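The values are calculated or read from the model by the stated rules, or taken from the named source; none is laboratory data. Here the structure is a predicted model, which is why all the values come from computation and not from measurement. Cβ atoms come from the backbone with ideal geometry, glycine included; neighbour counts cover every protein chain shown. The accessibility values were calculated without ligands, DNA or RNA, using every heavy atom of the protein model including side chains. Shrake-Rupley method; radii C 1.70, N 1.55, O 1.52, S 1.80 Å.
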Amino acid sequence: MNASEALSRIREPAFLASGVMNSLLHVIDTIAPTDYGRAYRQVRPYTMSSNARLRALNAAVEQVVQRQVPGDIVECGTARGGSAALMGMALQRAGDPRRMWVFDTFEGMPEANSNDPDYEHARHYTGTCRGELAEVSSLFGRLGLLDRTHFVQGLFQDTLPRTPTGPISVLHLDGDWYDSVMVCLEHLYDHVSPGGMIQIDDYGYWAGARKAVEDFFRQRGIAPSLRYIDYSGRQFSKP
Ligand SMILES: C[S@@+](CC[C@H](N)C(=O)[O-])C[C@H]1O[C@@H](n2cnc3c(N)ncnc32)[C@H](O)[C@@H]1O
């Protein structure tokens with residue numbers, strides 16, 4: 001983020017409020033003797049997601065398990081693996097056997113393009129958020145999550161059309177750019193079971209992510225009500 005971008009974000013009350021809320025949650029979960037607190041402390045070094053968004057993912061997994069919504073957990077945009085690992089640990093604690101599908105280039109962000117309204121800002125991020133597949137797989141190994149996980153390396157645009165995920169109960173979209181979010185919705189939305197949860201990480205941060213979601217809803221003639229998690233994240237249950 002350059003200086004003028006940082007300044008304009010800092011002036012937004014919602015951005016500031018999210019920062020305060022996430023800092024407080026971070027302090028609480030750094031010491032909380034809860035299942036979530038323990039999991040949070042294990043994944044924190046491996047994620048750039050906020051505490052509120054991680055809590056929302058954890059709750060989504062607990063909800064689909066409790067309501068027996070069929071389907072696997074799918075994350076598109078994994079970087080160093082923290083948010084996916086947190087969801088896997090929630091499954092583990094519940095003794096639930098469902099599988100996880102983890103999609104990423106594992107080579108960092110692809111280029112944004114003119115579909116991204118904030119391209120002039122986004123273009124500086126090519127290659128950032130890099131997580132190596134070996135590092136993610138080693139984290140999943142230490143946490144006992146390897147047996148249930150499929151790692152799918154490559155551009156979503158190439159891997160999604162040839163990967164048969166089957167039914168999905170939780171879909172986490174964390175690909176930042178318009179094309180990355182749109183291709184995931186086009187290929188995966190119809191696989192999400194009714195009552196399944198969809199979380200979009202960058203809806204309030206990257207204009208392309210938000211535009212992709214809005215364009216997709218318009219194309220489908222649907223208007224799900226999005227729950228506000230924090231400045232950046234939104235979640236909804238598929239009707
Ligand atoms: C913000 S990071 C994900 C953060 C992660 N969920 C965490 O917990 O820290 C975004 C990731 O999406 C991946 N990504 C974005 N667009 C992609 C695409 N079209 N195909 C494959 N991976 C993509 C990038 O490689 C990057 O690792």
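Summary of values
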| read-out | value |
| --- | --- |
| Shape parameters for region 118-239, alpha-carbon atoms, Rg then Dmax in Å | 15.2, 44 |
| Over 15 Å [Cα-Cα, region 94-186], rounded percent | 65 |
| Karplus 3J(HN,Hα) series, Hz, for region 19-33 with 6.51 cos²θ - 1.76 cosθ + 1.60 (x for Gly, Pro) | x, 5, 4, 5, 5, 5, 4, 4, 4, 4, 7, 6, 10, 4, x |
| Dimensionless Rg/Rh of the chain - Kirkwood Rh, Rg from C-alpha atoms | 0.94 |
| Solvent exposure of the chain as accessible area per residue, Å², 1.4 Å probe | 45 |
| With every protein chain in place, region 3-237: carbon and sulfur % of accessible area (1.4 Å) | 55 |
| Most mobile of LEU139, LEU91, LEU24 in a GNM of the chain (Cα contacts under 10 Å) | LEU24 |
| Protection-proxy order for peptides 117-130, 161-174, 193-206, each taking the mean of Cβ atoms within 10 Å per residue, highest first | 193-206, 161-174, 117-130 |
| Centre separation in Å (Cα based) which lies between region 16-72 and region 205-237 | 20 |
